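Colleague: What follows is a single structure, and I will ask about it in a moment.
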Amino acid sequence: PESFPLNYEIEGSPLPCRFIKIVPLQAWGPSFNFSIWYIELAGDTRWEEVKHYIKLYNRYREKEAIRLCLKHFRQRSYTDAYEALSKNTNVQLEHPILTRLHTLLVLNGDFKACEELITQASNEGMFDQ
């Protein structure tokens, strides 16, 4: 039997779900049909725990929606909307160094300052993985 773990956490918290959908992508061979015999799911069904994780998940979704709006506003050069939403929600679109790089490169066109910023980020170990 084949078994594999699923990614079920968002920002360290379990993802609440009621249903899952299993979609087989490819059969072993062209003359074979799919056959799913057994599925086992483990989780927590205590409502107080689930309710807590639902709240965390909804907060995560809201934060991601705000990030997408910020990205859209910045790409379309709606700076007033971008700054207002960013200031009122305290949601960061990206790492502050990337925001600074965008400002220096896209808005100011200051290539020398961009090179210095990238050198500084490299010296701080941001590119080490």
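Colleague: Of everything in region 77-96, what is under 12 Å from residue 67 (Cβ atoms) and touching a Phe, Trp or Tyr at 6+ places or on another chain (Cβ under 9 Å)? Give them in sequence order.
Modeller: Scanning region 77-96 gives 82, 85, 86, 93.
Colleague: Let me ask you something else. Within region 1-12, identify whether any single residue is in a loop (DSSP other than H, G, I, E, B), of a type in the set (Asp, Glu) and either modelled with pLDDT of 80 or more or surrounded by 10 or more Cβ atoms within 10 Å (Cβ to Cβ) (or both), and answer yes or no.
Modeller: Scanning region 1-12 turns up at least one residue that is in a loop (DSSP other than H, G, I, E, B), of a type in the set (Asp, Glu) and either modelled with pLDDT of 80 or more or surrounded by 10 or more Cβ atoms within 10 Å (Cβ to Cβ) (or both).
Colleague: Could you tell me how many of the residues in region 92-106 are part of a helix (DSSP H, G or I), within 17 Å of residue 120 (Cβ to Cβ) and not charged (D, E, K, R)?
Modeller: Of the residues in that region, 9 qualify.
Colleague: Another question, then. Quick check on this structure: which one of 98, 93, 107, 85 is among the hydrophobic types (A, V, I, L, M, F, W, C) and surrounded by fewer than 12 Cβ atoms within 10 Å (Cβ to Cβ)?
Modeller: 107
Colleague: While we're looking at this one, here's another question. Working only within region 29-56, note down all residues that are free of Cβ contacts under 8 Å to residues at least 40 places away in the same chain and outside any loop (DSSP other than H, G, I, E, B).
Modeller: Result: 47, 48, 49, 50, 51, 52, 54, 55.
Colleague: So, one more: Which members of region 79-114 meet the condition of being under 19 Å from the mean Cα position of the chain (by Cα) and β-branched (Val, Ile, Thr)?
Modeller: Once the filter is applied, which keeps residues that are under 19 Å from the mean Cα position of the chain (by Cα) and β-branched (Val, Ile, Thr), region 79-114 yields 89, 91, 97, 99.
Colleague: Is it the case that residue 127 is aromatic (Phe, Trp, Tyr), in a loop (DSSP other than H, G, I, E, B) and closer than 30 Å to residue 9 by Cα?
Modeller: Yes; evaluated as a whole, the condition is true for this residue.
The values are calculated or read from the model by the stated rules, or taken from the named source; none is laboratory data. The model shown is predicted, which means the values in this text are computed figures rather than measured ones. Reconstructed Cβ throughout: ideal geometry from the backbone, glycine too, with neighbour counts over all protein chains shown.
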